[in-house]
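**Q** Starting off with a structure, shown below.
Only the coordinates and a few stated rules stand behind these numbers; no lab work does. Because the structure is a prediction, the values reported are computed rather than measured. Don't worry about glycine lacking a Cβ; one is built from the backbone with ideal geometry, like all the others, and counts go over all protein chains shown.
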Amino acid sequence: MKADEIRLLYAYNRWANTRSLTAAAALTPGQLHRDLGTSHGSAFGTLAHILWGEWRWMGRWLTPPAAPGPDPLTCKDLLALQARWREVEALQTAFLGEVTDSELGHLITYENPPGTAWTYPLGQMLQHLVNHSTYHRGQVTTLLRQLGAAVVPTDFLVFIDEQGGG
């Protein structure tokens, strides 16, 4: 994979996240925070988890590794979550703007929350994160449907078509 392809993938990821957040904004606070028994409880909890993943991985890619600002799980409402999301996406965009093709093969070692060390090439980590976000956006779509809210497609090819590339 090339750096320009990764940047396109992250442009898609930002587009899809924005669509999911916009759809969730139609919910009442009660609906948004209603525990529906999923992995992360509510639509809000699932959205916060997506952002947490993006924040957490960004911190692993920074040199030296560091938490890039406050933990998204501390956000209490959708407006705060959206504001934090914009901050994390701005960091991602700046980081990806500097990534070269050769750097995608650079090995990065990190510890997951239980403390197990893992090592992967940066390019695979970058792909993993978009896959993680896509997986959980699918859960958000299901939760929105269960709550009676309108949903929007977040497929990669819909993004490509909207960009005029299909």
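**Q** Tell me which of Ala48, Pro29, Pro121 sits at the most positive position along the dipole axis of the range 3-161, charges placed on C-beta atoms (Lys, Arg +1; Asp, Glu -1).
**A** Farthest towards the positive pole: Pro29.
**Q** For the chain, what mean projected area does the convex hull of the alpha carbons give, in nm²? Mind showing how you got there, number by number?
**A** Numbers: hull surface 39.5 nm².
Averaging across all directions leaves 9.9 nm² for the Cα convex hull.
**Q** Viscosity 1.306 mPa s, temperature 10 °C: what is the translational diffusion coefficient of the range 51-139 from Stokes-Einstein with a Kirkwood Rh over Cα pairs, rounded to a whole number of µm²/s?
**A** Working: Rh = 13.9 Å.
It comes out at roughly 114 µm²/s.
**Q** Here is a follow-up. With only Lys, Arg, Asp and Glu charged, each at its Cβ (+1 for the first two, -1 for the last two), find how big the charge dipole of the chain is about the Cα centre; round to the nearest 20 debye. All intermediate terms of the calculation are to be shown ahead of the outcome.
**A** On the way: 12 positive and 15 negative charges, 92 e Å.
About 440 debye.
**Q** Taking the Cα centre of each part, how many Å lie between the range 62-102 and the range 141-161?
**A** Between the Cα centres of the range 62-102 and the range 141-161 lies a distance of 23 Å.
**Q** Can you check what the net charge comes to around Pro29, using other residues whose Cβ is under 12 Å from the Cβ of Pro29 (Lys, Arg +1; Asp, Glu -1)?
**A** Working: positive: Arg34, Lys76; negative: Asp77.
Its environment carries a net charge of +1.
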